Protein chains: 4
Amino acid sequence: MSNRRIGLWLVGAWGGVCSTAVLGLAALRKNLIDSVGLVSEKPEFAHLDLDGADSFVIGGHDIRKSSYWQSVSELHQRANIFDERLLEGCKADLDEWDKNIRPGTIYGSGPTISKLADWSDVQRVDTPRAAVQRIQQDLKDFQARHKLDQVIVANASSTEPPFQIDDSYSTIAKFEAALDNKESRIPASTLYAWASLDLGMPHVNFTPSLGASFPAAMELCQKRKTTTTGKDGKTGETLMKTVLAPMFKHRNLQVLSWVGHNIFGNRDGVVLDDPVNKASKVQTKDQVISSIVGYKPNTLVTIEYIPSMDDWKTAWNHIHYRGFLNTKMILQFIWQGCDSILAAPLLLDSVRFTALCQRRDEYGAPRQLACFFKSPMGTDEHDFFVQYAELVQYARAIKK
Amino acid sequence: MSNRRIGLWLVGAWGGVCSTAVLGLAALRKNLIDSVGLVSEKPEFAHLDLDGADSFVIGGHDIRKSSYWQSVSELHQRANIFDERLLEGCKADLDEWDKNIRPGTIYGSGPTISKLADWSDVQRVDTPRAAVQRIQQDLKDFQARHKLDQVIVANASSTEPPFQIDDSYSTIAKFEAALDNKESRIPASTLYAWASLDLGMPHVNFTPSLGASFPAAMELCQKRKTTTTGKDGKTGETLMKTVLAPMFKHRNLQVLSWVGHNIFGNRDGVVLDDPVNKASKVQTKDQVISSIVGYKPNTLVTIEYIPSMDDWKTAWNHIHYRGFLNTKMILQFIWQGCDSILAAPLLLDSVRFTALCQRRDEYGAPRQLACFFKSPMGTDEHDFFVQYAELVQYARAIKK
Amino acid sequence: MSNRRIGLWLVGAWGGVCSTAVLGLAALRKNLIDSVGLVSEKPEFAHLDLDGADSFVIGGHDIRKSSYWQSVSELHQRANIFDERLLEGCKADLDEWDKNIRPGTIYGSGPTISKLADWSDVQRVDTPRAAVQRIQQDLKDFQARHKLDQVIVANASSTEPPFQIDDSYSTIAKFEAALDNKESRIPASTLYAWASLDLGMPHVNFTPSLGASFPAAMELCQKRKTTTTGKDGKTGETLMKTVLAPMFKHRNLQVLSWVGHNIFGNRDGVVLDDPVNKASKVQTKDQVISSIVGYKPNTLVTIEYIPSMDDWKTAWNHIHYRGFLNTKMILQFIWQGCDSILAAPLLLDSVRFTALCQRRDEYGAPRQLACFFKSPMGTDEHDFFVQYAELVQYARAIKK
Amino acid sequence: MSNRRIGLWLVGAWGGVCSTAVLGLAALRKNLIDSVGLVSEKPEFAHLDLDGADSFVIGGHDIRKSSYWQSVSELHQRANIFDERLLEGCKADLDEWDKNIRPGTIYGSGPTISKLADWSDVQRVDTPRAAVQRIQQDLKDFQARHKLDQVIVANASSTEPPFQIDDSYSTIAKFEAALDNKESRIPASTLYAWASLDLGMPHVNFTPSLGASFPAAMELCQKRKTTTTGKDGKTGETLMKTVLAPMFKHRNLQVLSWVGHNIFGNRDGVVLDDPVNKASKVQTKDQVISSIVGYKPNTLVTIEYIPSMDDWKTAWNHIHYRGFLNTKMILQFIWQGCDSILAAPLLLDSVRFTALCQRRDEYGAPRQLACFFKSPMGTDEHDFFVQYAELVQYARAIKK
């Protein structure tokens, strides 16, 4: 293991996913947990120069004032996860890392997310440019203060409303112009992404928000020699879809309809309860089936906010398919997973692999990380097993 | 498409799986159905010299006197499958093929299966050798009468009790000696397999019974230049296991327990209701998970005979797994599939591919057909997607 | 069994529910089926003077031109129900009854339902009064032509949009005035109900539409000495809710959330796919839980149109509840029922009981029939077992 | 509330159910929880002279040396239930009550249960009489030391193997003779029951073991003026069966098959993993459906020990039923309940009601408590709603 010092800057730092990831990092440093759930700890990746838990320093932005202790305690109380002794064992690290969390920007977050902002120091600026500059100042301070060899920015904040890009997103020049324009509509996720890539820092977009998924940002990656991955961690129902759809395809069974109903009750749910924000989520969840089977079955996805469920996302899927001799048959599954627990290790995995990619001079959006995302950048491949085989093949190609 | 005439000789000819396969062949000949459910009809195999529906002549053995019309009518009535017009359209072919069905042997079938034998002409012989000779006579008559270029024997009869082979199964010489010995214990499935392979006819074992899965039979394949595949069609719950277990493995999620309860009510169920016969089934269904994940979770499989279910096999699986930070989560699925409908196209697929393998001089047990079987011969690979990739790779390697 | 001749006039006569009910009546007359599914055939009601299958003559209104044979054949094809021999055995009766079906009115049906009307003779009139008069003329002709002792009108047509009544629905006088007013907004279901009650004919509203559920209609029942029951047959998911909610109540388990997702694909689904029409359905389905447990859990109900499901309504319910020592637990159920098959016998049951009530001079909305309806008229009791106990008690009070 | 002091003597005192009940009592005394889960706290029973949480003193027998703190901490760790602050708040009471727990008898427990006995002081005696006497001495000491007005004995220990009674169980005289006979086969549950009833102390049998369910014990109740209730708390899957079976009955839907598979992993599971012990459980779970619907559907019940599940008992039930016009339909449910959490309040409920019955001079087995038990003594009524109505009617008949 190297002596590198890696800064992990989290957008939505005290949210459920980031707090769980940070707790996990602390627990790994103290050997309080094993590596279950972390793909990057599998034997097939053991020879890669991935950063160990000890290498990381945590910092980040949030728009709600909180602390890691408060976040993980709430998760413990409400969702009935984490052992108290594990929490106690990690408290010192969590408290230390809290000092690196700065007020984020609500510029471009949309009304539902902005309403959640309760941190009085939250960045209220007049232009996109000003927002980017304040974010970059925080990132540079973080790197300097902690003498970090590499800083990676990962966004796991709440889902923004769907967003249609226009021509101003097509080149660096046009986008830079837009940053100076008060009238420009640029989502917060994109301001964070641009700020980090422009500093040559890799960016992971763990949300369905726009982030860096537009041409100018790809151009910026090449210019600044950096890497970006996303979008939207493939944690639960969608993972199942990209696992099962290939089965139906390979068996030549025709999917007639695929209905997926999701319920959950964490803070993300409050945001998704706004139909506008929900739309982006449903969209990324719904496209994968058609993409895999090669035709358009009747698909339906709902996500509903049911507070009693807290962080336990439960999905019922009803798959109606036609087999030999026109016979209709049914497969149903019920997924009962804890959202933060599923997402946190994938966030760490994608951070570790993305940092590696940059160090290996793989700029832009590397397609071999598709298996971690619902809407992978750099590829249209959604079949989970094809995606995973690409990751393994990539690892094998790297000499031991 | 070639002008070859292919004889498909079915053991358990009037059973649910074979009758459905034969109905499907007839319907394909009449263009009454599309190719949904048939893997071998997928575009990635279109360039292979596989035999079309028109190439096949059906014959077979059974121990219960019936007819195709009676079998498919019963399935229609009890399991509520098949359209009446489709049945009518296929009747002529079914009636014609009935003429090629001969009384089978009950030598070595075990008491539960023997009790089902109601055909007075059923073969009652004194030695394994005599049984093999009578089977071979039927096969040779079939080939001669119909001027067949190639005959393939496929066994989809009821599951036999588990069977431990001894040293007499280790070489051709020892097995030939055993055939002449009245005291030898040789299961019927193996008599059929030996009879066909010894004539140079490929043999598909679609059941969990012993069939040709022993060293002397492998030696015989090389000697007679023929091919054998099996065992036990991977149709439903086990298919799901070999699809989902890789997901848990790749995500580094630890499977704690995997419980599978199956209920169904067709004639196979009557046989499986005998705990001895059931044991072989449970065995082949249970091993796949450990084999894929690489450790031994707590697994449980039951198969129960519930007459009201008829041919609709319903499986509930409860998968308890551990994720990041020691969190236990749950995935459940409910599979409601029609047994014959799922099995019949796979039987036809494995027959088509096996016949091709023999013609391509691939003798023994070709591992690239593993995706069709619960206990694939020639490989320990159970991951469905790895299996399927091998089949596709095999097809690609064959020049168009 | 009496020699009464009973006319059953069906609104939505050729729809799935009515066609299935009529097929069932024909099959009962021919002794082709047993009484399974018919509550009114249970031993506890054997001593009541209920009308036998032989007593009924069928007539009705529809806005789509069809025939019973076509309707039940379509159901047979699409939903895979009914035995062909049963269909053949009932054809003569069905064809005979077709002759009594008249074009209905689309006055007040709303745009989604009106679009379905493809019968050129459908009643297009200028005032509510004219619509009522044409309906009444058809009813009187039916009674006269078939020399009927009693005519009952039952509405099982498609669900109308929700409707808020105003003061004109408060008394007979005000409603009669509204009938003459071209500007009055009166739903078709109410025109049919008023037409029948005004002739002294009992009216069963098997739908969630307004029908006779307003004060002026109750007054009319008393004046014309007739009976009305409804609303909305309690066939599937809602039946389950009114069975399970009492369990949670009696065990003092606190329901935190109750989520119900329904999918189905019959013609009703096309209508419910219009969000306006769906609203009435969701409303009647959602109120029952709070009414039974006595507080407001977080409830959610969706109904979605998934064509491949045809008449098979599948409901997933996720019930999250709190037990002793603040422990959250879960009950889930999956209901896979055939809509027409579940509804048809309840329609016949409510018709038989309603006809009896009128003959026993029980005018208005008798509360003892609540167990058949999602929104029972005449009572707020939703607990299925309390409802059923009231029906049994009513039957017991009638001397044998 | 009275000033009575009530001793609750628990057999299997430190087991999961008893420990949870005791924790609940302590929490109620400290107002740390509300009354959710306790039937006896419902408004319809508020006027009854039931004993409050403050009235109880806990004592009991066990064969494994443990403590309440250890038991509830283990449940907290393994099954992820109870809040730490609640545990802390109850510790003083739990520690105090530990002092009243005495080593139990393993005489007659059968080999599987005996193996679990790790308390060196466990009662090893030579005759049933000696076991009864030692139990009675402990009970009398308990009553005297704590100056108790009434002592109730409740058995929630592990399930014993099924037991066929012989003539020696028919009268007090014969049973007393058997107690003196070294050769007599008398289960431990019956020794406890006899010991308590013989002292005039009411006895609740919360297990499927024999306990007091034989004629001599009924005679003893009358002679000693005491009350006994049981058998086997109706907590989960069986509760559901007695809720749903009446629905099918009242709707005249024919249950074809009812399959129930249960998995769980607590200490009871270790005992039930012995097929002999399991047999009694399956027996009491299986009879209820036929008893309610009045005919014998094809039923199947399994209970399997899956350690990872701990105290979370999960049941999948598949109910296949026939509706109108011979149509087969399906209802499935999945019950995910925490065994101790469901059982503990019912144990307290039955204790409170049983103590009341004795004080009201209702000796023997009062049928109005049937709703709490899988195999209710004193009645064959299994319909949950009929049972509950009887309890409410009983309460109403008691003047306020």
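For C:Thr354, only one of the following conditions fails: (1) in a helix (DSSP H, G or I); (2) away from chain D (no Cβ under 13 Å); (3) over 24 Å from C:Gly59 (Cβ atoms); (4) of a type in the set (Ser, Thr, Tyr). What is its number?
(3)
Determine whether D:Asp311 is at pLDDT 90 or above and either farther than 17 Å from B:Ser257 by Cβ or within 11 Å of chain C (Cβ to nearest Cβ) (or both).
Yes: the conditions hold for D:Asp311.
Please state which of the following conditions C:Arg4 fails to meet, knowing it meets all the rest: (1) within 14 Å of chain D (Cβ to nearest Cβ); (2) in a loop (DSSP other than H, G, I, E, B); (3) of a type in the set (D, E, K, R).
Result: C:Arg4 fails condition (1) only.
Taking C:Ile330 as the residue in question, decide whether it is of a type in the set (A, V, I, L, M) and part of a strand (DSSP E or B).
yes
Under 25 Å from B:Glu183 (Cα atoms) and either at pLDDT below 95 or within 23 Å of the chain's Cα centre (by Cα) (or both): does that describe B:Ile101?
Judged against the criteria, B:Ile101 is not a match.
Can you list the helices (runs of 4 or more DSSP H) lying wholly within the stretch C:61-169 that have 1 or more residues being within 30 Å of C:Gly265 (Cβ to Cβ)?
Here the list reads C:68-79, C:84-98, C:111-116.
From the list A:Gly269, A:Gly260, which residue is touching a strand residue (DSSP E or B) at 6+ places or on another chain (Cβ under 9 Å), at pLDDT below 90, outside the structural domain of A:Ser114 (by TED's automatic domain parsing) and among the small types (Gly, Ala, Ser)?
Residue meeting the stated conditions: A:Gly269.
Looking at the stretch C:21-54, which of its residues are within 21 Å of the chain's Cα centre (by Cα), away from chain D (no Cβ under 13 Å) and not charged (D, E, K, R)?
Selection gives C:Leu50, C:Gly52.
For the subset of the stretch D:219-253 comprising residues that are on the phi > 0 side of the Ramachandran plot and either in contact with a helix residue (DSSP H, G or I) (Cβ under 7 Å, 6 or more places away or on another chain) or surrounded by 24 or more Cβ atoms within 10 Å (Cβ to Cβ) (or both), which member is nearest to the other protein chains (Cβ to nearest Cβ)?
Result: D:Asn252.
Could you list all residues from the stretch A:181-194 that are surrounded by fewer than 24 Cβ atoms within 10 Å (Cβ to Cβ) and either modelled with pLDDT of 95 or more or not hydroxyl-bearing (Ser, Thr, Tyr) (or both)?
Selection gives A:Asn181, A:Lys182, A:Glu183, A:Arg185, A:Pro187.
For A:Ala216, are the conditions met, namely being away from every other protein chain (no Cβ under 14 Å) and either within 14 Å of the chain's Cα centre (by Cα) or crowded, with 24+ Cβ neighbours inside 10 Å (or both)?
no
Does at least one position in the stretch A:366-377 carry a residue that is in a helix (DSSP H, G or I), facing chain B (nearest Cβ under 9 Å) and under 28 Å from B:Ile330 (Cα atoms)?
yes
Being of a type in the set (A, V, I, L, M, F, W, C) and in a helix (DSSP H, G or I) is the filter; apply it to the stretch B:307-325 and report the residue that is surrounded by the most Cβ atoms within 10 Å (Cβ to Cβ).
B:Phe324
Among the numbered criteria (1) under 17 Å from A:Asp380 (Cα atoms); (2) part of a loop (DSSP other than H, G, I, E, B), which single criterion is violated by A:Pro246?
Every condition holds for A:Pro246 apart from (2).
When A:Ala144 is evaluated against the numbered criteria (1) within 29 Å of A:Asn181 (Cα to Cα); (2) small (Gly, Ala, Ser); (3) without any contact (Cβ under 8 Å) to a residue 24 or more places away in the chain, which criterion, by number, is the only one it fails?
Condition (1) is where A:Ala144 drops out.
Quick check on this structure: which one of C:Arg78, C:Arg85 is surrounded by fewer than 16 Cβ atoms within 10 Å (Cβ to Cβ), within 14 Å of another protein chain (Cβ to nearest Cβ) and more than 13 Å from C:Ala13 (Cβ to Cβ)?
Every option except C:Arg85 fails the conditions.
Which of the numbered conditions does C:Pro208 fail, given that it passes all the others? Conditions: (1) under 18 Å from C:Glu160 (Cα atoms); (2) within 14 Å of chain A (Cβ to nearest Cβ).
Every condition holds for C:Pro208 apart from (2).
What are the residues in the stretch B:325-345 that are at the interface with chain A (Cβ under 7 Å from one of its Cβ atoms) and closer than 30 Å to A:Ile33 by Cα, if any?
If the condition is that a residue be at the interface with chain A (Cβ under 7 Å from one of its Cβ atoms) and closer than 30 Å to A:Ile33 by Cα, then B:Leu325, B:Asn326, B:Thr327, B:Met329, B:Ile330, B:Leu331, B:Gln332, B:Phe333 are the ones that fit.
Could you tell me whether any residue of the stretch B:145-163 is crowded, with 17+ Cβ neighbours inside 10 Å and on the phi > 0 side of the Ramachandran plot?
No, every residue in the stretch B:145-163 fails to be crowded, with 17+ Cβ neighbours inside 10 Å and on the phi > 0 side of the Ramachandran plot.
Within the stretch A:314-324, track down each residue that is touching a His at 6+ places or on another chain (Cβ under 6 Å) and more than 7 Å from every other protein chain (Cβ to nearest Cβ).
Result: no residue meets the conditions.
Restricting to the stretch B:195-211, what's the tally of residues that are part of a helix (DSSP H, G or I) and either among the small types (Gly, Ala, Ser) or farther than 12 Å from B:Leu139 by Cβ (or both)?
Selection size over the stretch B:195-211: 2.
Of these, D:Trp9, D:Trp14, which one is under 19 Å from D:Asp95 (Cβ atoms), within 16 Å of the chain's Cα centre (by Cα), away from chain C (no Cβ under 14 Å) and assigned to a loop (DSSP other than H, G, I, E, B)?
Among D:Trp9, D:Trp14, only D:Trp14 is under 19 Å from D:Asp95 (Cβ atoms), within 16 Å of the chain's Cα centre (by Cα), away from chain C (no Cβ under 14 Å) and assigned to a loop (DSSP other than H, G, I, E, B).
For D:Leu25, indicate whether it is under 28 Å from D:Gln136 (Cα atoms), at pLDDT 95 or above, hydrophobic (A, V, I, L, M, F, W, C) and in the same structural domain as D:Pro345 (by TED's automatic domain parsing).
Yes; evaluated as a whole, the condition is true for this residue.
Where residues in the stretch B:286-306 are in a strand (DSSP E or B) and more than 7 Å from chain D (Cβ to nearest Cβ), which of them is surrounded by the most Cβ atoms within 10 Å (Cβ to Cβ)?
It comes out as B:Val301.
Within the stretch A:55-67, track down each residue that is at pLDDT below 95 and either within 13 Å of chain B (Cβ to nearest Cβ) or surrounded by fewer than 17 Cβ atoms within 10 Å (Cβ to Cβ) (or both).
Matches in the stretch A:55-67: A:Lys65 only.
Which of the residues belonging to the stretch A:63-103 are in contact (Cβ under 8 Å) with a residue 60 or more places away in the chain and of a type in the set (Asp, Glu)?
A:Asp93
Considering only residues that are part of a helix (DSSP H, G or I) and out of contact with any helix residue (DSSP H, G or I) (no Cβ under 7 Å at 6 or more places or on another chain), which ones fall in the stretch C:178-194?
C:Ala188, C:Ser189, C:Thr190
So which residues in the stretch A:193-252 are touching a strand residue (DSSP E or B) at 6+ places or on another chain (Cβ under 8 Å) and of a type in the set (Val, Ile, Thr)?
A:Val204, A:Thr207, A:Thr226, A:Thr227, A:Thr228, A:Thr229, A:Thr235
Filter the stretch B:344-378 down to the residues that are closer than 17 Å to B:Val22 by Cα and of a type in the set (S, T, N, Q) and list them by number.
Correct list: B:Ser350 only.
The values are calculated or read from the model by the stated rules, or taken from the named source; none is laboratory data. Everything quoted here is computed from the prediction, not taken from an experiment. A quick note on method: Cβ atoms are made from the backbone with ideal geometry, for glycine too, and the neighbour counts reach across all protein chains shown.
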